[in-house]
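Colleague: Attaching a single structure in structure tokens format; questions to follow.
Just so it is clear, none of the values below were taken in a lab; they were calculated from the coordinates. Since this is a predicted model, take the numbers as computed values, not measurements. Cβ sites come from the backbone with ideal geometry, for glycine too, and all protein chains shown count toward neighbours.
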Amino acid sequence: MKNQTSRLAYSSKQVQRTGIKNPLLIIILFIGMKYPARAQDPSFSQFFASPLTLNPALTGKFDGSVRVAGNYRDQWPTVNKAFITSTVSVDLGILQNKLSQNDRFGIGFMAMTDKTADGILTSNYFSFSTAYQKAIDEDGQHQIGVGFQGTYANKLLDGPRLRFLDGLQVDGTWLPSPTEQENLEQVTAHYFDMNAGILYNGSLNGTNAVFFGASLYHLNQPKESFLGVDNITIPTRLTIHAGGYFPSADKGTSWYVSALYNRQATASEFVVGGALELSVGADQNYPVNFYLGSWVRINNVTDAIIPYIGLDYGSFNLGMTYDVNVSAFKVASQERGGVEISLIYTLKHSDDGQSVHAVQCPRF
């Protein structure tokens, strides 16, 4: 979870050992340690458009045969490229001819990279996930899914670009630190991670849809260390998310609402909002829908307002958000929280009678 107000890029022990050349980036890191709303995991404001970082139980949970999702986020761009995160994932349903019509078995792959402090710290993640969705009624209007995910993480700390904190002067200049090594090299850390999740989705009247999910990341609480000492335990992250789809009496419009709660160690955040869908295309096999909405993120203070626009065009879904930073950090960020873009391509089912089920899949 990358809390967009005060994210920790390093543990406090690592920061005390290895300062950052840009003093403002140091301030970012210490803001993350000072305030209770903070975290370590990368994430997205468009959490609903990054299913495999939200809940492993969402693997294969979509209306189609193959889904490819990509996300890009540039947070606090005015602060020397503080955090840039991107990810791509592919998931699909398998063994459909061997399962009950309303059941679904999915597998998925994901790669994510997160660059902190203008690339001084680069974190790469590679994941494989699987999930099974089981219908709990005869018509498949209600389903429960369980998913699991394994992740390999590799982090690179660019030693030659580091400066130690005791070299920082009051006026912002740097002097050689008495503890700084003359030839600090690039160092790496790596670990294996385990994640799991559960998801319920159903329909109240056959046309609308609701869902509720929960996931746990870092179940095995892996340890990481760049210098071979001071192993840092990565705390388990709890994610709870819920939402719904509600078509209006006017067939050309629908409402989507969703909420997210994250907690990792002492860090927490709450995001809630929704979007209005406007259908502007008459061909149901080649839909053209426009979305307009907004979310708000809250931690210990109101962090950001997140306006959203989106577009469905056939098999593609494009989404764009911009975090309007309204917390105290807006002075340093110049009120520029972060731009985010998501793009999802869904290969629809062929007309072979093997549609998964009639229940709306989670979209937001």
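Colleague: Can you grab the distance from the C-alpha centre of region 207-276 to the C-alpha centre of region 46-63, Å, no decimals?
Modeller: Each part's Cα centre sits 10 Å from the other's.
Colleague: Next up: So how far apart, in nm, are the two label points at THR233 and TYR152 if each is 7 Å from Cα heading toward Cβ?
Modeller: 2.6 nm
Colleague: Taking 0.36 nm per residue of separation and subtracting the Cα-Cα distance, what length does fully extending TYR322 through VAL272 add?
Modeller: Here the answer is 16.5 nm.
Colleague: Also: Take each of the peptides 303-314, 204-215, average the number of other beta-carbon atoms within 10 Å over its residues, and list them starting from the highest.
Modeller: Result, highest mean first: 303-314, 204-215.
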